[in-house]
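Enquirer: Have a look at the structure that comes next, please.
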Amino acid sequence: SLDRHLVGRIAPGAIICAHGIFQISPTKAKSQGAMSVAVKSPYLRCVGITEVTGVGGRMTDADFTAEEETKFRNMVQQQGFADRLYKSVAPAIFGHDNIKKALACQLMGGARKRLPDGARLRGDINILMLGDPSTAKSQL
């Protein structure tokens, strides 16, 4: 569980270090109603969170060398880069191009913004996939 004052401090997908109390407790056996020594369940009460890398778990500028950054900039300038990027998402699944584009945008992430009135926009991209059964929603 997470203490209330910690909720909403870290963006989903962030790399964190959780500080807390780890406890292994015996659980009640469902069929017998008595305490079972062999069945135990772990429990972590998180009392502190520290973000490990970057903003929202994304890499910072210091994580790339100048050479790598140059390669990325050249790659983006190539003809058809966006199409290659979208097609590299789940290449084993046929079709669903719009969903693959949305997933690529989600993987790259949005930018956090602070508005002039002081409000903050998280920059997270959320996707809701609805559809018939067996249409690769879970795999995507």
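The values are calculated or read from the model by the stated rules, or taken from the named source; none is laboratory data. Predicted model only: the values in this text are computed from it and were never measured. With ideal geometry, Cβ positions are generated from the backbone for all residues, glycine too; neighbour counts draw on all protein chains shown. SASA here: full protein model, heavy atoms, side chains in, ligands and nucleic acids out. Shrake-Rupley method; radii C 1.70, N 1.55, O 1.52, S 1.80 Å.
Enquirer: Taking amide H atoms as placed 1.01 Å from N in the peptide plane, list the residues 5 or more away in sequence, or in a different chain, whose amide H sits under 5 Å from that of Ile16.
Expert: Under 5 Å from the amide H of Ile16: Val52.
Enquirer: Which cross-chain or sequence-distant (5 or more) residues have an amide H under 5 Å from the amide H of Ile49, H modelled 1.01 Å from N in plane?
Expert: Distant-sequence amide H within range of Ile49: His19.
Enquirer: While we're looking at this one, here's another question. What number comes out for the charge environment of Asp97, summing +1 per Lys or Arg and -1 per Asp or Glu over other residues with Cβ under 12 Å away?
Expert: Values: positive: Lys87, Lys100, Lys101; negative: Asp83.
After counting each charged neighbour, the total is +2.
Enquirer: What figure, in Å² to the nearest 10, do you get for the accessible area of Leu44 with a 1.4 Å probe and non-protein molecules left out?
Expert: Surface open to solvent at Leu44 totals about 80 Å².
Enquirer: Now a separate question. Along Cα→Cβ, 7 Å out, is where each label goes; now give me the distance between the ones at Ile16 and Ala90 in nm to one decimal.
Expert: So the label points at Ile16 and Ala90 sit 2.7 nm apart.
Enquirer: 7 Å from Cα along Cα→Cβ at both Lys40 and Arg9: what's the point-to-point distance in nm?
Expert: Here the answer is 2.9 nm between the modelled labels.
Enquirer: Here's something else I'd like to know. If each of Arg73 and Asp97 carries a label point 7 Å out from its Cα toward its Cβ, how far apart are those two points in nm?
Expert: 3.1
Enquirer: Report the semi-axes of the equivalent ellipsoid for segment 74-140 in whole Å, largest first, where each axis is √(5λ) for an eigenvalue λ of the Cα gyration tensor.
Expert: Semi-axes (√(5λ), whole Å): 27, 20, 7.
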